[in-house]
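The values are calculated or read from the model by the stated rules, or taken from the named source; none is laboratory data. Computed from a predicted model, the values in this text were never measured in an experiment. For neighbour counting, all protein chains shown are included, and Cβ atoms are generated from backbone atoms with ideal geometry for every residue, glycine included.
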Amino acid sequence: MTETRKPVGMELHHAIVSHYSAEVRMLQNQQYREWFDTVIAEDIHYWMPVYEQRYARDRRPDPTPGDAAIYNDDYAELQQRVDRLLTGQVWMEDPPSRIRYFVTNVEAFEIAPFEFEVFSNVLVHRNRRQNEVYVHTLGREDKLRKTDSGFKVFSRKLNIDARVVQDKNLYFFV
Amino acid sequence: MNGSSALVDNIGASQSRRVFWDQDVYQLELERIFSRCWLMIGHDSLVPKPGDFITTYMAEDRVILSRQPDGSLKAFINSCTHRGNQICHADSGSAKAFVCNYHGWVFGQDGSLVDVPMEERCYHSDLDKSKLGLAPIRVETYKGFIFGCHDPEAPSLEDYLGDFCWYLDTIWDGPDGGLELLGPPLKSTLACNWKVPAENFVGDGYHVGWTHAAALQMIGGELAGLSGNRADMPFDDLGLQFTMRHGHGFGLIDNAATAIHVKRDGYVKYLEETRGGIREKFGPERERLYVGHWNTSIFPNCSFLYGTNTFKIWHPRGPHEIEVWTYTMVPKNADTETKRSIQREAIRSFGTAGTLESDDGENMSSATYNNNGIITRKGWMNSSMGKDREGPHPVYPGIVGVSFIGETSYRGFYRFWQEMLDAPDWAAIRANDDTWDAMWTNRNFWPDRLSAKQAEPQD
Ligand code: FES
Ligand SMILES: [Fe+2]
């Protein structure tokens, strides 16, 4: 894709990358409530669509939010996922998994005053129980809003690089 | 392995742990169950038009399901008859022909070999193309659900579903046109034996309150009281459990069809508006089923939750792994908005990142992998719950257990599993048609219970 838009300047770019680092630190420390309250905007659409494996000649359109999707959450729905993790009754997270995130290839563009479209690559490494290891890579397309209390994401599209997910579930936040 | 009595004890209601682990048991399952039973391969709604196809699996065999120009269906093995290459690598699509990537042999929509590159120069009229079509599979449908079978001696699909049709009609035929499946399927791998999720869906009402304690607490609604097993509920009056001749079965939670859905106004309205039609068409006993929640397995490896409306195929990948495919069932005649919201809620709870699904996968994996220990594997598992509180029922076909929290349909599932492993052919299975339920000896359980109920003063 040829990008005619100009990326944001160095200072903004740095602020966005720092924001992502802080976000990841909260997730890695299981501070889900803090994560949700700090980075999620109330008009969030948190979406992980399902891309079928199709022939190149296939003219059917890409998935929309009306189609099957692994995540398709609004604010309240995402909040419920956080609440579930904090009930103390999610046995599979007790003892907790170890999760590590690597966010790279950050590209940010201004799309409106104080609003940015940001592309990034995310690698997630999960280690569970004694020997379970899962590695996922995802392409992430964010829309961020710069507010008085920092950046808030109001649209997050996650493209997981797998037709068959190589994990028992994807119940973690990216 | 010599016979399967070493694996399943019907009277003692237990199974050897080897059923989840041993390679030779798995091989026998492939030969005697997956090669002889009807396996779920699709739905009319997934291949609506001539030329439409999907690729799927029957156990580990790759399969193409293809809609013919005359509207009929054909299924064949997705492997070239020349040197064995996989013919089609797309999940779905529309195709006039399937061309093999290796040497370019061309197969028609019906699986026949229609063209061979440079045929004259290479084969000199020596190739009998009519004998080189893709290996065909028996295909039959029931109310739009498409099944495939490799065994010409197997009964018809309708006979294979058998008594279960009486139940399935309630929802698969429904008030006015039944169900369709929404894809594309979510797909994920899970390190477990295929029978762990199959048995869980066929009859595990017991785990709901404990395994899913967190999710039920979060969702609220009718089942919140089960969360953490805290509420003191009279389970006997909350539902039933059923098992059939061919191992199919389900658990019913009364009046809880949509309990797992958070946003459910459209679906609740749809059920309310249509339940009268069900009562008229099928009677009050099945109206009860229509507004209840079902956890169901169709033997061997297809499961669904009616009400939640998630629909699963557990494709085996060796004894210790499966590929999970998740579709959503929706009423064909509901409006688009309602269908979409059902799909969202079904996936939110039982998709790859589902609020309940993620609890289950963990157990299924753990219940399988613990058996890698040789001493552990010598042990047996218990499925005795409700053993003497079940039997034939004057209204409901099959064997009926008194509560949805029971293991009636576990016992029925493994009873048939053992029968399939032991039987040399379908004739031997048919020979048991009149005696299959002999292990349920409490024949008067339901007549006694129902007349005792009737004798109670009505208020
Ligand atoms: S293997 Fe398919 S054409 Fe040769
Ligand atoms: Fe479950």
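Could you please let me know if B:Met364 is over 30 Å from B:Phe445 (Cα atoms), away from ligand 2 (no atom under 16 Å from the Cβ) and of a type in the set (A, V, I, L, M)?
no
Pick out the one residue from B:Thr211, B:Thr189 that is out of contact with any helix residue (DSSP H, G or I) (no Cβ under 7 Å at 6 or more places or on another chain), within 14 Å of chain A (Cβ to nearest Cβ) and touching a residue at least 40 places away in the same chain (Cβ under 8 Å).
Exactly one of B:Thr211, B:Thr189 is out of contact with any helix residue (DSSP H, G or I) (no Cβ under 7 Å at 6 or more places or on another chain), within 14 Å of chain A (Cβ to nearest Cβ) and touching a residue at least 40 places away in the same chain (Cβ under 8 Å), namely B:Thr189.
Which members of segment A:8-33 meet the condition of being surrounded by 14 or more Cβ atoms within 10 Å (Cβ to Cβ) and either outside any helix (DSSP H, G or I) or in contact with a helix residue (DSSP H, G or I) (Cβ under 7 Å, 6 or more places away or on another chain) (or both)?
Within segment A:8-33, A:Val8, A:Glu23, A:Met26, A:Leu27, A:Gln30, A:Tyr32, A:Arg33 meet the criteria.
Among the residues of segment B:51-84, write down those that are among the acidic types (Asp, Glu) and either within 14 Å of ligand 1 (Cβ to nearest atom) or surrounded by 15 or more Cβ atoms within 10 Å (Cβ to Cβ) (or both).
B:Asp52, B:Asp61
Select the strands (runs of 3 or more DSSP E) contained entirely in segment B:4-123, then report the ones holding at least 3 residues which are closer than 30 Å to B:Asp388 by Cβ and among the small types (Gly, Ala, Ser).
Fully inside segment B:4-123 and qualifying: nothing.
What number of residues in segment B:318-340 are more than 15 Å from B:Phe145 (Cα to Cα) and either not assigned by TED's automatic domain parsing to the domain that holds B:Gly351 or not hydroxyl-bearing (Ser, Thr, Tyr) (or both)?
Final tally of qualifying residues: 14.
Residue by residue through segment B:425-452, note down the ones that are closer than 19 Å to B:Ser384 by Cβ and either of a type in the set (A, V, I, L, M) or out of contact with any strand residue (DSSP E or B) (no Cβ under 9 Å at 6 or more places or on another chain) (or both).
B:Ala438, B:Met439
Run down B:Phe350, B:Phe413 and say which single residue is among the aromatic types (Phe, Trp, Tyr), touching a helix residue (DSSP H, G or I) at 6+ places or on another chain (Cβ under 6 Å) and more than 14 Å from every other protein chain (Cβ to nearest Cβ).
Step by step, each of B:Phe350, B:Phe413 is checked, and only B:Phe413 is among the aromatic types (Phe, Trp, Tyr), touching a helix residue (DSSP H, G or I) at 6+ places or on another chain (Cβ under 6 Å) and more than 14 Å from every other protein chain (Cβ to nearest Cβ).
If I ask for residues that are farther than 20 Å from B:Gly178 by Cβ and either within 16 Å of ligand 1 (Cβ to nearest atom) or more than 14 Å from chain A (Cβ to nearest Cβ) (or both), which ones from segment B:243-283 would you list?
B:Thr243, B:Arg245, B:His246, B:Gly247, B:Gly249, B:Gly251, B:Ile253, B:Asp254, B:Asn255, B:Ala256, B:Ala259, B:Asp265
Out of the residues in segment A:56-78 that are at the interface with chain B (Cβ under 8 Å from one of its Cβ atoms) and under 14 Å from A:Tyr171 (Cβ atoms), which is nearest to the chain's Cα centre (by Cα)?
The qualifying residue nearest to the chain's Cα centre (by Cα) is A:Tyr71.
Sort through B:Val291, B:Val324 and tell me the only one that's surrounded by fewer than 22 Cβ atoms within 10 Å (Cβ to Cβ), among the aliphatic types (A, V, I, L, M) and either in contact (Cβ under 8 Å) with a residue 12 or more places away in the chain or in contact with a helix residue (DSSP H, G or I) (Cβ under 9 Å, 6 or more places away or on another chain) (or both).
Sole residue among the options that is surrounded by fewer than 22 Cβ atoms within 10 Å (Cβ to Cβ), among the aliphatic types (A, V, I, L, M) and either in contact (Cβ under 8 Å) with a residue 12 or more places away in the chain or in contact with a helix residue (DSSP H, G or I) (Cβ under 9 Å, 6 or more places away or on another chain) (or both): B:Val291.
Filtering segment B:192-206 down to residues that are of a type in the set (A, V, I, L, M, F, W, C) and assigned to a loop (DSSP other than H, G, I, E, B), which residue is nearest to the other protein chains (Cβ to nearest Cβ)?
Restricting to residues being of a type in the set (A, V, I, L, M, F, W, C) and assigned to a loop (DSSP other than H, G, I, E, B), the top hit is B:Cys192.
What do you reckon, is A:Arg81 over 17 Å from A:Tyr32 (Cα atoms) and either of a type outside the set (Val, Ile, Thr) or facing chain B (nearest Cβ under 10 Å) (or both)?
no
Only one of these is farther than 30 Å from B:Thr326 by Cα and of a type in the set (Phe, Trp, Tyr): B:Phe413, B:Phe404, B:Phe445, B:Phe350. Name it.
So the residue among B:Phe413, B:Phe404, B:Phe445, B:Phe350 that is farther than 30 Å from B:Thr326 by Cα and of a type in the set (Phe, Trp, Tyr) is B:Phe445.
Among the numbered conditions (1) assigned to a helix (DSSP H, G or I); (2) within 14 Å of another protein chain (Cβ to nearest Cβ), tell me where B:Pro184 comes up short.
(1)
Within segment B:319-349, count every residue that is more than 22 Å from B:Asp91 (Cα to Cα) and part of a loop (DSSP other than H, G, I, E, B).
Residues meeting the conditions: 6.
Residues to consider are A:Val106, A:Val174; find the one that is in contact (Cβ under 8 Å) with a residue 40 or more places away in the chain, more than 12 Å from every other protein chain (Cβ to nearest Cβ) and in contact with a helix residue (DSSP H, G or I) (Cβ under 9 Å, 6 or more places away or on another chain).
Answer to the check: A:Val106.
May I ask you to verify whether A:Asn121 is away from every other protein chain (no Cβ under 14 Å), in contact with a Gly (Cβ under 7 Å, 6 or more places away or on another chain) and modelled with pLDDT of 95 or more?
yes
I'm trying to understand the selection: among the residues of segment A:158-171, which are in a strand (DSSP E or B) and facing chain B (nearest Cβ under 7 Å)?
The answer is A:Val165, and nothing else.
Keeping to segment B:367-409, report how many residues are within 16 Å of ligand 2 (Cβ to nearest atom) and not in a loop (DSSP other than H, G, I, E, B).
Residues in segment B:367-409 being within 16 Å of ligand 2 (Cβ to nearest atom) and not in a loop (DSSP other than H, G, I, E, B): 3 in total.
Just checking, how many residues over segment B:410-434 are loosely packed, with under 13 Cβ neighbours inside 10 Å and either part of a helix (DSSP H, G or I) or not assigned by TED's automatic domain parsing to the domain that holds B:His246 (or both)?
2
Restricting the search to segment B:98-115, which residues are surrounded by fewer than 21 Cβ atoms within 10 Å (Cβ to Cβ) and away from ligand 1 (no atom under 16 Å from the Cβ)?
B:Asp110
Inspect segment B:152-169 for any residue being in a strand (DSSP E or B) and either within 16 Å of ligand 1 (Cβ to nearest atom) or among the hydrophobic types (A, V, I, L, M, F, W, C) (or both) and give the result as yes or no.
no
So, of the residues in segment B:89-137 that are within 27 Å of B:Phe147 (Cβ to Cβ) and of a type in the set (Phe, Trp, Tyr), which turns out to be nearest to ligand 2 (Cβ to nearest atom)?
B:Phe98
Check B:Gly373, B:Gly307, B:Gly401, B:Gly406 and return the single one that is more than 10 Å from chain A (Cβ to nearest Cβ) and without any contact (Cβ under 8 Å) to a residue 12 or more places away in the chain.
B:Gly373
Restricting to segment B:85-97, give me the number of residues that are crowded, with 16+ Cβ neighbours inside 10 Å and either touching a residue at least 60 places away in the same chain (Cβ under 8 Å) or within 11 Å of chain A (Cβ to nearest Cβ) (or both).
Count: 7.
Which numbered condition trips up B:Pro300, out of (1) surrounded by fewer than 24 Cβ atoms within 10 Å (Cβ to Cβ); (2) more than 14 Å from chain A (Cβ to nearest Cβ)?
B:Pro300 satisfies every listed condition except (1).
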